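In what follows, a structure is listed as structure tokens, so that the remarks can point back to it.
Each reported figure results from applying straightforward, stated rules to the coordinates on display, with no laboratory input. What you see is a predicted model; the values in this text were computed from it and never measured. No Cβ is skipped: glycine too gets one built from the backbone with ideal geometry, and neighbour counts run over all protein chains shown.
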Amino acid sequence: MGNKKAYIVSDKWNENSTVIFAESVGKAKSEALYEDEFSWHDYEYIELRARRMKEWDKYAESKKIPIMELLKNGWWFYCDGYCGRQLSEDDIISGDAVIIEDERNDFVKGNIICKECLKKKRAQECR
């Protein structure tokens, strides 16, 4: 087994994306077909695009990219709280959201939550 490389795999419409660590572009696209982002859409191999992310190869062992790395590269995530708002790096910079250490079931290390939901979450924990 060779060294795993990081790839961002997206559908050709750029509606869904994931990060896959694989030995080649072809293997990355094949593995992506079984990820939640793609499997429930019934995508075909030829509908996927893979882009190398050499700077993320260092995360191959854990298969987890720190959420801030993703945010810096234009990704956004839904608030981990109650509002479901889309949060981006701009929300971190402005102080409207924070990164929290939270286990996720995907390729992301950490999570993001808006300040309002964080207050509500902490209030519930104190009960």
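Mind checking the dipole of region 65-125: about its Cα centre, +1 per Lys or Arg Cβ, -1 per Asp or Glu Cβ, Debye to the nearest 20?
200
Mind ranking 110-117, 22-29 by how tightly packed they are, going by the mean number of other C-beta atoms within 10 angstrom, highest first?
110-117, 22-29
Among (i) 7.3; (ii) 9.7; (iii) 8.8, which is the computed mean projected area of the Cα convex hull in nm²?
For mean projected area of the Cα convex hull in nm², the calculated option is (iii).
Summing +1 for each Lys or Arg and -1 for each Asp or Glu, what net charge is found among the other residues whose Cβ lies under 13 Å from the Cβ of L48?
Surrounding charge for L48 is -3.
Compute, for the chain, the length of the dipole vector about the Cα centre, with Cβ point charges of +1 (Lys, Arg) and -1 (Asp, Glu) only. Units Debye, rounded to 20.
About 360 debye.
Using amide H atoms built 1.01 Å from N in the peptide plane, name the residues 5+ places from I65, or on other chains, whose amide H lies under 5 Å from its own.
The list, which skips near neighbours in sequence, is V108, K109.
Using only alpha carbon positions, build the gyration tensor of region 65-125, then give the equivalent ellipsoid semi-axes as the square roots of 5 times its eigenvalues, largest first, whole angstrom.
Computed over region 65-125, the values are 18, 14, 9 Å.
So what's the angle, to the nearest 10 degrees on a 0 to 90 scale, between helix 115-125 and the longest Cα principal axis of the chain?
Approximately 70 degrees, to the nearest 10.
Among S24, N111, Q86, pick out the residue whose Cα is farthest towards the positive end of the charge dipole of the chain, where Lys and Arg carry +1 and Asp and Glu carry -1 on C-beta, about the Cα centre.
N111
Straight distance only, please: which lysines reach the Cα of K4 with their own Cα at less than 21 Å, same-chain residues fewer than 8 apart left out?
Qualifying lysines at Cα under 21 Å: K27, K29, K54, K58, K63, K64, K109.
In sequence order, what are the phi-derived ³J(HN,Hα) couplings for region 94-103 according to the Karplus relation 6.51 cos²θ - 1.76 cosθ + 1.60 with θ = phi - 60°, rounded to whole Hz, with x for glycine and proline?
Using θ = phi - 60°, the values come out as 6, x, 7, 8, 9, 8, 10, 7, 9, 6 Hz.
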